[in-house]
Amino acid sequence: AFKNEKRQKMKKILIIAGSCSNGGAGLQADIKACAHFGCYSATAVTALTAENTDKIKNIVSLDPSFIADQLEMLAAEFSFDAIKIGMLFNEPIMDVVQSFLEKNSAPVVLDPVCVSKMGHKLIKDSAIERLKELMKFAAVTTPNLREADVLFGDDFTNLPCDVIVKKHIVAGKSIDTLYRKDGSVQNFETPLADPLVIIGAGCTFSSSLACLLARGESLESAIQQAKEYIYNAIITGIDTNLGVRKLLNHGVKF
């Protein structure tokens, strides 16, 4: 007979992001991260990519009205505990997402997908300022070094939300820096994982934060736990035929 145990209600995460065809990044990575942290994930797809670990061949953005339809259907079915936002690509899509966020109170983790680690531009130049406007709806945004430079330069004052800048490399360690809206700064570190460049780490980090915040963790605790998850997913990474970069092992146990 099954024991009648009180179980914690599974947290529900909304992922608004682009699809990554090789499954290493984008909403595929987000779904896997949610599964790792015991959360249910639903998705509103914003864009499709034709890519592998070597290059991105093509990006197709979906019609904003279709994205709005996805969000309408999901809002009717779920009360979300957190929202993770990834690739939005252009202003009309951002307008749709903002309209949705204005009606929701769940904590938002915004991964400002502008430039990939491979140096590929993943957003139209004209959409950069619009993306910054969306940050006022976020609890935290998670740019990589290139994205932080595009969005903030060296000025982390008067921030629209808390900002965690990912992966400074210092003395053999990976250091992420949290810039708070109140002006405080805090570093988080893990050992530097090999390989140094791996796709999907940023997507996975931000969706992990969303899960942990939904579960009631503080931002500081969520950052450290997410970093440790990424580190272990990298060092047990999955090889491909291309041999260019590894893919994260989202199912790593540690």
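Just a few scattered comments:
- Placing +1 on the Cβ of every Lys and Arg and -1 on the Cβ of every Asp and Glu, with no other charges, gives region 129-178 a dipole of roughly 200 debye about its Cα centre.
- Average Cα contact separation per residue, the chain, under 8 Å, 6 or more apart, as relative contact order %: 19 percent
- Gaussian network model of the chain, springs between alpha carbon atoms under 10 Å - residue of 75, 29, 44 with greatest fluctuation: 75
- Sparsely packed loop sites in region 1-83 (the GluC sites (Glu not before Pro) outside DSSP H, G, I, E and B with at most 11 other Cβ atoms within 10 Å) comprise 5.
- For residue 51, the residues 5 or more places off, or on other chains, whose built amide H falls under 5 Å of its own are 21, 22, 57.
- Within region 88-213, percent of DSSP bridges classed antiparallel, to nearest 5: 75 percent
- Volume per residue that the Cα convex hull of region 133-226 spans, once the total is divided by residue count, Å³: 105 Å³
- Length released on extending from residue 69 to residue 239, taking residue separation times 0.36 nm less the Cα-Cα span: 57.5 nm
- Range in the chain, longest, excluding exposed trypsin sites (Lys or Arg not before Pro) [loop by DSSP; at most 10 other beta-carbon atoms within 10 Å]: 104-252
- Estimated [θ] at 222 nm from DSSP helical runs (n ≥ 4, -39500 (n - 2.57)) normalised by residues in the chain, nearest 500: -10000 deg cm²/dmol
- Rounded to the nearest Hz, the phi-derived 3J(HN,Hα) couplings of region 223-235 under the Karplus curve 6.51 cos²θ - 1.76 cosθ + 1.60 (θ = phi - 60°) are 4, 5, 5, 5, 4, 5, 4, 4, 4, 5, 5, 6, 5, where x marks glycine and proline.
- Kirkwood-Stokes translational diffusion coefficient of region 1-116, alpha-carbon pairs, 37 °C, 0.692 mPa s, µm²/s: 217 µm²/s
- Only protein atoms count toward the accessible area here, which uses a 1.4 Å probe; on the chain, the carbon and sulfur part of that area reaches 50 percent.
- Efficiency of FRET between residue 170 and residue 76 - r from beta-carbon atoms, R0 51 angstrom, step 0.05: 0.60
- Between 172, 24, 38, the Gaussian network model of the chain with springs among Cα atoms under 10 angstrom shows the greatest mean-square fluctuation at 172.
- Spatial separation of Cα centroids for region 50-102 and region 206-254, in angstrom: 22 Å
- Summed over the residues of the chain and divided among them, the accessible surface reaches 47 Å² per residue at a probe radius of 1.4 Å.
- Derived scalar couplings ³J(HN,Hα) [region 133-143; Karplus, 6.51 cos²θ - 1.76 cosθ + 1.60; whole Hz; x for Gly, Pro]: 5, 5, 5, 5, 8, 9, 7, 7, 10, 10, x
- For region 11-114, chymotrypsin sites (Phe, Trp or Tyr not before Pro) are listed when DSSP marks them as loop and at most 15 other Cβ atoms sit within 10 Å of their Cβ; the list is 78.
- q = 0.11, 0.14, 0.16 Å⁻¹, the chain: log10 I(q)/I(0) [Debye, one scatterer per Cα]: -0.54, -0.91, -1.21
- In sequence order, calculated HN-Hα J values of region 45-58 (Karplus, 6.51, -1.76, 1.60; Hz; x Gly/Pro): 7, 9, 7, 10, 10, 10, 8, 9, 6, 8, 6, 9, 8, 7
The values are calculated or read from the model by the stated rules, or taken from the named source; none is laboratory data. Just so it is clear, the structure is predicted and the values come from calculations on it, not from any experiment. All Cβ positions, even for glycine, are placed from backbone atoms using ideal geometry, and neighbour counts span all protein chains on display. Just the protein is used for accessible areas: all its heavy atoms, side chains included, with ligands, DNA and RNA removed. Shrake-Rupley method; radii C 1.70, N 1.55, O 1.52, S 1.80 Å.
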